[in-house]
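Reading through the structure tokens given below for one structure.
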Amino acid sequence: MSARAVPVVVVAGYLGAGKSTLLNHLLSGAGAARIGVVVNDFGAVNIDAMLVSSASGGGSVRSVSLSNGCVCCTVDDEELEDVLGSLAARGLDLIVVEASGLAEPAAMVRRVVLAQDPRIDYGGLVYVADAAHLAGTMERHPSLRHHLALADLVVLNKIDLAVDAEAARALVREHAPSAPVVGTVDAVVPVELLIDPEVLARRAAQRRDSPRQLTLDEALREHAHDHAHDEPHRHLHDDYAAVTVETGRLDARATAALLADPPRGVFRAKGFVTVADGTRLEVHAVGRHVRTAPERRRRDGAESVLVFLGVEVDDEAVHARVQACLADPQAPEDPQAVLSLLRYSAAAQSDSAIVEN
Ligand SMILES: Nc1nc2c(ncn2[C@@H]2O[C@H](COP(=O)(O)OP(=O)(O)OP(=O)(O)O)[C@@H](O)[C@H]2O)c(=O)[nH]1
């Protein structure tokens, strides 16, 4: 796993669905976490970049705007990788690439997945859909069904405007049957889905330990937060779930299959796994994209620990799926089994990228 690598999340969605609104929410809702954004827009005036900058207050955010056209067709792989790498080098916790409303998400995702820079890692395709207009937009643009099918997480936004939000959700499910779907107003998704809760807590502690004058933006945010206590808190997410399973040695093939086809509602999975032959690995999955690496530091405690993060995740179903992966101590040793997880390592992935090129 490239645990130290910065996750790069691609945000896509049709024009006006709420991509910039999502970015603004992440920037304002992630506390002291450090987020880098890459935005692009057609045309000379980079409106998206301006929107994002005004929301961030500039504090912990690095933003790069690529205004020379659509990032999926005019910026070459190396240029994008350079931008992402240089952002990652600044100690960020998350990089968000906002594809313009007309961009082809498959091309963007491919570039991030195949990027060789060890400082970055694919963090998933978040597809923002407008619940009020999805059916009509899909009728006019049938190719959108392919975009939805690629999504690792669907943000079904503008629920407040939808006449029939359930029909919109059913339409999403039809085209993205395995992706978790979170219904939102103003794209308020749980930030913990995209940034590890430990990272959020660590950044908050760092901020507390270094008292300094608040920027105006931060002061306003704290003020708004104080006032929000009597009201339903818009940052509380009943849907968000983190399920931790501690268990014994796992069967490598079954674990690989579990990670590549995670339980319903799961957006990310991560943890440490000891497989039947004793190999200890770190594992990480976003949607159906799996990464593994040798365990960097020997741990105490359970032989395998997996954490699943998502929306509307069924705790019992997750436990059952993991328990079904337990290695059978009586089974004859299969030296090939571990390869089913090792093929997701960075080295194996770069080999396959070379073959593909
Ligand atoms: N009522 C309502 N309006 C929303 C919601 N989310 C976003 N909007 C508004 O919808 C408009 C479009 O939102 P953006 O975030 O700019 O959409 P976008 O996907 O970035 O748009 P493009 O950059 O044109 O592709 C803005 O005026 C937002 O304020 C929502 O949940 N409900």
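Any read-out appearing in this document is the output of simple, stated calculations on the displayed coordinates, not a laboratory observation. Keep in mind that this is a model prediction, so the values were computed, not measured. So basically every Cβ, Gly included, is an ideal-geometry build from the backbone, and we count neighbours across all protein chains shown.
Could you pull out every residue, at least 5 positions away or on a different chain, whose amide H is within less than 5 Å of the one on LEU250? Hs are placed 1.01 Å off N in the peptide plane, and Pro or chain starts have none.
The list, which skips near neighbours in sequence, is THR274, VAL275, ALA276, ALA327.
Through the Karplus equation 6.51 cos²θ - 1.76 cosθ + 1.60, θ set to phi - 60°, convert the phi angles of the stretch 142-154 into ³J(HN,Hα) values in whole Hz; use x for Gly and Pro.
With coefficients 6.51, -1.76 and 1.60, one gets x, 5, 4, 5, 5, 5, 4, 5, 7, 5, 8, 8, 10 Hz.
How much of the pair distance distribution for the stretch 100-211 lies past 21 Å, counting alpha-carbon pairs only, in percent?
Details: 2918 of 6216 pairs.
Here the tail beyond 21 Å accounts for 47 percent of pairs.
Using a cut-off of 9 Å between beta-carbons, work out the net charge of the residues near GLU295 (Lys and Arg +1, Asp and Glu -1, GLU295 not included). List each step's numbers first, then the result.
Numbers: positive: ARG280, ARG296, ARG297, ARG298, ARG299; negative: GLU282.
Net local charge, GLU295 excluded: +4.
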